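Below you'll find the structure, written out as structure tokens, and then a few comments.
Just so you know, all these numbers are worked out from the coordinates, no wet-lab data involved. As the structure is a prediction and not an experimental result, all values here were calculated from the model. So basically every Cβ, Gly included, is an ideal-geometry build from the backbone, and we count neighbours across all protein chains shown.
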Amino acid sequence: MLRTPAYVFVSHGSRDPRPAAAIAQLITDLTTDDRPLLGHAMLECAPEPLSEQLITLARTAQTQGFSELRLVPLFLLPGVHVTEDIPLQVQAAQAKLGSFPLTQTAYLGTLDGLQGLLKPQHQHTLLLSHGSRKPGGNALIERLAQALDLTPSFWSVEPKLETTIAQLVNQGATSIAIKPFFLTQGGITDAIAAEVARLADIYPQVSLTLENTLDRQPGFREIVLELFD
């Protein structure tokens with residue numbers, strides 16, 4: 001048996017094909033003999049439960065002689081999916097696999113290198129996250145924004161994008177950059193782009209710049225490599 005582990009990316013899953021395509025490209029870019037990435041498993045929007053996907057991948061890893069299968073969660077925040085849902089699915093898969101080990105690495109959002117992708121290049125820069133309605137659910141984003149001198153804003157809860165931009169315009173901002181705290185493009189980022197275009201019509205005197213999702217930022221792949229250390 002090889003002493004090296006095999007790896008699998010675990011994501012939330014989406015009916016939009018773009019996130020899966022972006023992760024497939026990431027696998028292609030990062031797979032080496034010393035870093036075997038066997039695929040991508042999804043918590044939702046997959047034909048099989050995550051546990052069954054992991055069993056299939058683990059058996060492939062075992063057949064190929066790897067020592068274990070390590071799950072790399074491509075999640076930005078430590079929500080229920082990371083702390084409860086994935087561990088439960090791993091536990092269910094492990095019960096069927098026996099002694100061949102499944103282990104879960106740190107999730108993507110723990111990496112300090114991500115902060116380098118979020119550093120503002122403009123005086124007025126928003127950090128736009130999806131947002132949570134749970135009490136305290138947005139505290140991590142608020143702390144991250146404060147540490148990086150960014151203005152926190154949320155897509156689904158207040159202060160929403162329109163609210164935050166209106167506040168900055170009232171304070172005299174003439175140029176505002178928006179950093180989406182989203183891993184890949186998808187339906188929400190399409191909606192964000194449409195909202196930015198609408199707001200640009202409302203505030204023609206203000207330059208609004210919507211930046212790329214994290215996977216399209218220079219240096220993103222090098223940051224992901226930290227999860228394999």
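Per 0.36 nm of contour for each residue apart, how much would the distance between Leu140 and Asp16 grow if the chain were fully extended, relative to their Cα-Cα spacing?
Numbers: separation 124, 0.36 × 124 = 44.64 nm, distance 2.71 nm.
Result: 41.9 nm gained on full extension.
Where is the GNM fluctuation largest for the chain (alpha-carbon springs, 10 angstrom cutoff): His40, His12, His122?
In this elastic network of the chain, the residue with the biggest mean-square fluctuation among His40, His12, His122 is His122.
Which lysines have a Cα less than 21 Å from the Cα of Lys160, not counting those fewer than 8 places away in the same chain?
Lys119, Lys134, Lys179
Once you've got the GNM for the chain with C-alpha springs shorter than 10 Å, pick whichever of Ile27, Ile178, Ile188 has the biggest mean-square fluctuation.
Ile188
Does segment 34-76 come out rounded, prolate or oblate by the C-alpha gyration tensor, with a ≥ b ≥ c the root eigenvalues, rounded set by a/c under 1.5 and, if not, prolate when a/b is larger than b/c and oblate if not? Walk me through the numbers on the way to the answer.
Details: a/c = 2.68, a/b = 1.41, b/c = 1.90.
Oblate, because a/c is 1.5 or more while a/b does not exceed b/c.
Kindly work out what percent of the DSSP beta bridges joining two residues of the chain are antiparallel, to the nearest 5. Don't jump to the answer; show the numbers that get you there.
Values: 1 of 27 bridges.
Antiparallel bridges: around 5 percent, rounded to the nearest 5.
Assuming R0 = 45 Å, what is the FRET efficiency of Gln171 and Gln25, from their Cβ-Cβ distance, to the nearest 0.05?
On the way: r = 40 Å, r/R0 = 0.89.
With a Förster radius of 45 Å, E is 0.65.
Work out, step by step, the length gained on full extension between Arg3 and Asn212: first 0.36 nm times the residue separation, then minus their alpha carbon distance; give nm to one decimal. Don't jump to the answer; show the numbers that get you there.
Details: separation 209, 0.36 × 209 = 75.24 nm, distance 3.82 nm.
Once the chain is fully extended between Arg3 and Asn212, it gains 71.4 nm.
From the phi angles alone, apply the Karplus equation (6.51, -1.76, 1.60; θ = phi - 60°) to segment 49-57 and give each ³J(HN,Hα) in whole Hz, x where the residue is Gly or Pro.
x, 4, 4, 5, 4, 5, 4, 4, 5
Tilt of helix 17-30 relative to the longest C-alpha principal axis of the chain, in degrees (0 to 90, nearest 10)?
Value to nearest ten degrees: 60.
Report, in degrees rounded to the nearest 10, the 0 to 90 angle that the Cα long axis of helix 86-97 makes with the longest principal axis of the chain.
With both axes taken from Cα atoms, the answer is about 10 degrees.
For Glu48, put the label point 7 Å out on the Cα→Cβ axis and report which residues of segment 83-104 keep their amide N under 20 Å from it.
Counting backbone N atoms under 20 Å from the label point, the list is 85-104.
Work out the length of the dipole vector of the chain about its Cα centre, built from +1 on the beta-carbon of each Lys and Arg and -1 on the beta-carbon of each Asp and Glu, and round it to the nearest 20 debye. It would help to have the intermediate numbers written out before the result.
Details: 16 positive and 23 negative charges, 29 e Å.
So the magnitude is around 140 debye.
For the peptides 213-223, 91-101, 143-153, what is the packing order when you average, over each peptide's residues, the other Cβ atoms within 10 Å and list the highest mean first?
Working: 213-223: 15.5, 91-101: 13.9, 143-153: 17.2.
Packing order, densest peptide first, comes out as 143-153, 213-223, 91-101.
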